[in-house]
1. Determine if segment 86-94 includes at least one residue that is in contact with a strand residue (DSSP E or B) (Cβ under 8 Å, 6 or more places away or on another chain), among the polar types (S, T, N, Q) and at pLDDT 90 or above.
2. Given the conditions (1) aromatic (Phe, Trp, Tyr); (2) in a strand (DSSP E or B); (3) free of Cβ contacts under 8 Å to residues at least 60 places away in the same chain, which single one is not true for Trp70?
3. Residue by residue through segment 62-77, note down the ones that are closer than 10 Å to Lys144 by Cα and surrounded by 13 or more Cβ atoms within 10 Å (Cβ to Cβ).
4. Out of the residues in segment 94-103 meeting the condition of being out of contact with any Lys or Arg (no Cβ under 6 Å at 6 or more places or on another chain) and of a type outside the set (Val, Ile, Thr), tell me which one is surrounded by the fewest Cβ atoms within 10 Å (Cβ to Cβ).
5. Might you let me know whether segment 134-145 holds any residue that is modelled with pLDDT of 95 or more and assigned to a loop (DSSP other than H, G, I, E, B)?
6. Can you tell me which residues in segment 110-130 are under 19 Å from Ile49 (Cβ atoms) and loosely packed, with under 14 Cβ neighbours inside 10 Å?
7. Can you name every residue in segment 104-115 that is part of a strand (DSSP E or B) and more than 15 Å from Ala129 (Cα to Cα)?
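The values are calculated or read from the model by the stated rules, or taken from the named source; none is laboratory data. Since we're looking at a predicted model, the values are computed, not measured. Neighbour counts run over all protein chains shown; Cβ positions are idealised from the backbone, glycine included.
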Amino acid sequence: MKNYLKMTFTNRARRFTCCCLPVFLFIHFSTAQTPVKMSQNKETILRYIDGFTTSDHAKILSCLTEDIIWEMPGIYNHSGKTAFDKEIENPAFTGSPTIRLTRLLEESDVIVAEGTVQCKRKEGGKLDAVFCDVFIMERGKIKKLTSYMMNAFPSKQP
């Protein structure tokens, strides 16, 4: 009886594997190797973030509409490319920041980017922060940016 059960189970497992494995492999490889086209809006955001990590003002400004609004609630509200350009390299920091995206979501003309940012302070120490940026897009360019940021390790900051 034990040998019969063992043989029946083995035959069923073999049949299951033989029938289902090709289907699984087809689904896995057909979806895993199909490149996903990124939207123009997401490509703009990635180019914008790359501009910040390399302190490339021209690259950043090319991602913006002329009437861009950049708001950090309770801290500042800049309008236009000239005001935006002055804030790109904040005088309190030195060098280019390290930015890591952890999430990039899109719905219609709204992109939400979450991540971390690290910068060196001019007077010493560094800023370790987490951010959530909400971008309103217009024809593939950033029309409005609302930035929310907080220190990731506030107790370690000088």
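1. No, because not a single residue in segment 86-94 is in contact with a strand residue (DSSP E or B) (Cβ under 8 Å, 6 or more places away or on another chain), among the polar types (S, T, N, Q) and at pLDDT 90 or above.
2. Of the numbered conditions (1) aromatic (Phe, Trp, Tyr); (2) in a strand (DSSP E or B); (3) free of Cβ contacts under 8 Å to residues at least 60 places away in the same chain, the odd one out for Trp70 is (3).
3. Those that are closer than 10 Å to Lys144 by Cα and surrounded by 13 or more Cβ atoms within 10 Å (Cβ to Cβ): Leu64, Thr65, Ile68, Ile69, Trp70, Glu71.
4. For segment 94-103, the residue satisfying everything is Arg103.
5. yes
6. Val110, Gln118
7. Leu104, Leu105, Glu106, Glu107, Val110, Ile111, Val112, listed by residue number.
Yes/no per residue for (1) out of contact with any Leu (no Cβ under 7 Å at 6 or more places or on another chain); (2) of a type in the set (D, E, K, R):
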position	(1), (2)
Asp56	yes, yes
Tyr76	yes, no
Ser96	yes, no
Arg100	yes, yes
Val110	yes, no
Ala113	no, no
Lys126	yes, yes
Phe135	no, no
